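The values are calculated or read from the model by the stated rules, or taken from the named source; none is laboratory data. Note that the structure is a prediction, hence the values are computed from the model and not measured. Methodologically, a virtual Cβ is constructed for each residue, glycine included, from the backbone with ideal geometry; neighbour enumeration extends over all protein chains shown. What goes into the accessible areas is simple: the full protein's heavy atoms, side chains included, and nothing from ligands, DNA or RNA. Shrake-Rupley method; radii C 1.70, N 1.55, O 1.52, S 1.80 Å.
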Amino acid sequence: MQLADKHEGTTTKAFAGLRVLDFSTTIAGPHCTRMLADMGAEVIKIETDSGETMRTRPPLRQGCSTAFGQLNVGKKSLVLDLKSEDGTETVRRLAATADILVENFRPGVMRRLGLDYDSLRQVNPKLIYCSISGYGQTGPSAELPAYAPVIHAASGYDMAHLAYQPGRNRPDYCGIYHADVVTGTYGFGAIASALYQRTVTGLGQHIDVSMLETMLSLTLTELQTSQFAVKPTARPMFGPTETASGYVMITVASEKSFQALMGVIGRPAWISDPRFSTYAARRENWVEMMDGVEAWSRQLTTDACLAALGAAGVPAAAYRTVSEAMADPQLAHRQAFSSVQDEGGSFQVLNVPFRMSGADTAPARRMAVLGEHTDALREEIGLARDAPVSPGKTAATN
């Protein structure tokens, strides 16, 4: 039984009726507003007539980016020139009707356009205005340019990660931008908190989300040990354990799982061995213990290792590619993906990773064409129609 099957009325959207103005680009801001859209908010994505840069990112089919689609499905599309009086007047009128605004320009840009929080709260005191930036809205680093890899380095995250790579002295390359995704998620949580507070105060507020502080939040142990003169201690290094056909990840985090693992690998005497009998001892002799585990695992295929470990209740998984993970029956059971249609065809997007028994969290099924809603939105707020988007112009051809 799916969680949604336990309650009636799950076609409701938790944020239905809320309007969001989305000025964000690339990943962090769009990830945040995509979640708002999935929860039912009307998200109006504001772009120039050439579209934002993610529209050109592969995979591309007939000029349409599925990476852009993953981040922006379910949003309306409004094309504006924010450097023109007409463009800023359009925003001011829309802001009067909006609940939330999200932007991730470099600090100072929205102020120079006359569209900063202090300006727009004059037309809408209930507006929740979320600014996402590299270092925060104020301070000596506020106006420095920042992308996720820069923030990974600046936060200490990359050097902390390096400390867990034996024999390495050069920081790793990182092609997966944790800073963007986690910052967008923090933005989503802050907006939800501000919406609740608004039910009490009747007022909006300015939310200032920092990517630098976001990445520091991932270094829990390192943040604490950096403050004190503590004796360095060995730490279990969970990593790949080789099998006859690949690698598995085995995590021994409790006495129960340790004892079960020793039984699986045929080393029951190690349970009382002074080198391994306590957690502290295992920390000091971790490499020796895992060498013993690997002597066992190398004799078996990955599937055979996982079968034995699973039967004993030892936490373990194979190292998989993303394609392999996407094919996991567990994800199919949870309906973790949705099919989305754009001008290039259909593709799969990942749904938000939570389900709600009383609300629908599925994304929309169609991508808007660039500028598709410009005329309708301008008419709604009493402005003349712009020239229509050229026939055949798709969401990613500009």
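Can you name the residue in the stretch 129-148 that is among the polar types (S, T, N, Q) and within 18 Å of Leu216 (Cβ to Cβ) and, of all such residues, is surrounded by the most Cβ atoms within 10 Å (Cβ to Cβ)?
Checked the stretch 129-148; the qualifying residue surrounded by the most Cβ atoms within 10 Å (Cβ to Cβ) is Ser133.
Being part of a helix (DSSP H, G or I) and either out of contact with any helix residue (DSSP H, G or I) (no Cβ under 8 Å at 6 or more places or on another chain) or of a type in the set (A, V, I, L, M, F, W, C) (or both) narrows it down to one of Val349, Val314, Val293, so name that one.
The conditions single out Val293.
Say we look at the stretch 64-78 and pick out the residues that are more than 23 Å from Ala16 (Cβ to Cβ) and touching a strand residue (DSSP E or B) at 6+ places or on another chain (Cβ under 6 Å); which of these is most open to solvent (accessible area, probe 1.4 Å)?
Per the stated criteria, the residue is Thr66.
Scan the stretch 174-183 and tell me whether some residue there is assigned to a loop (DSSP other than H, G, I, E, B), in contact with a helix residue (DSSP H, G or I) (Cβ under 7 Å, 6 or more places away or on another chain), open to solvent by 80 Å² or more (accessible area, probe 1.4 Å) and at pLDDT below 90.
Scanning the stretch 174-183, I find no residue that is assigned to a loop (DSSP other than H, G, I, E, B), in contact with a helix residue (DSSP H, G or I) (Cβ under 7 Å, 6 or more places away or on another chain), open to solvent by 80 Å² or more (accessible area, probe 1.4 Å) and at pLDDT below 90, so the answer is no.
What residue, among those in the stretch 122-139 that are free of Cβ contacts under 8 Å to residues at least 40 places away in the same chain and of a type outside the set (Val, Ile, Thr), is nearest to Met215 (Cα to Cα)?
Gly139
Counting only residues that are more than 17 Å from Ile191 (Cβ to Cβ) and open to solvent by 50 Å² or more (accessible area, probe 1.4 Å), how many does the stretch 103-124 have?
So the count comes out to 7.
Can you tell which of Arg57, Arg61, Arg92 is among the basic types (Lys, Arg), open to solvent by 20 Å² or more (accessible area, probe 1.4 Å) and more than 25 Å from Ser346 (Cβ to Cβ)?
Arg92 is the lone residue from the list that is among the basic types (Lys, Arg), open to solvent by 20 Å² or more (accessible area, probe 1.4 Å) and more than 25 Å from Ser346 (Cβ to Cβ).
If you check Ala311, Ala336, which single one turns out to be out of contact with any Leu (no Cβ under 7 Å at 6 or more places or on another chain) and either loosely packed, with under 15 Cβ neighbours inside 10 Å or on the phi < 0 side of the Ramachandran plot (or both)?
Unique residue meeting the criteria: Ala311.
Determine whether the stretch 274-281 contains at least one residue that is in contact (Cβ under 8 Å) with a residue 12 or more places away in the chain, under 37 Å from the mean Cα position of the chain (by Cα) and in a helix (DSSP H, G or I).
Yes, the stretch 274-281 has at least one match.
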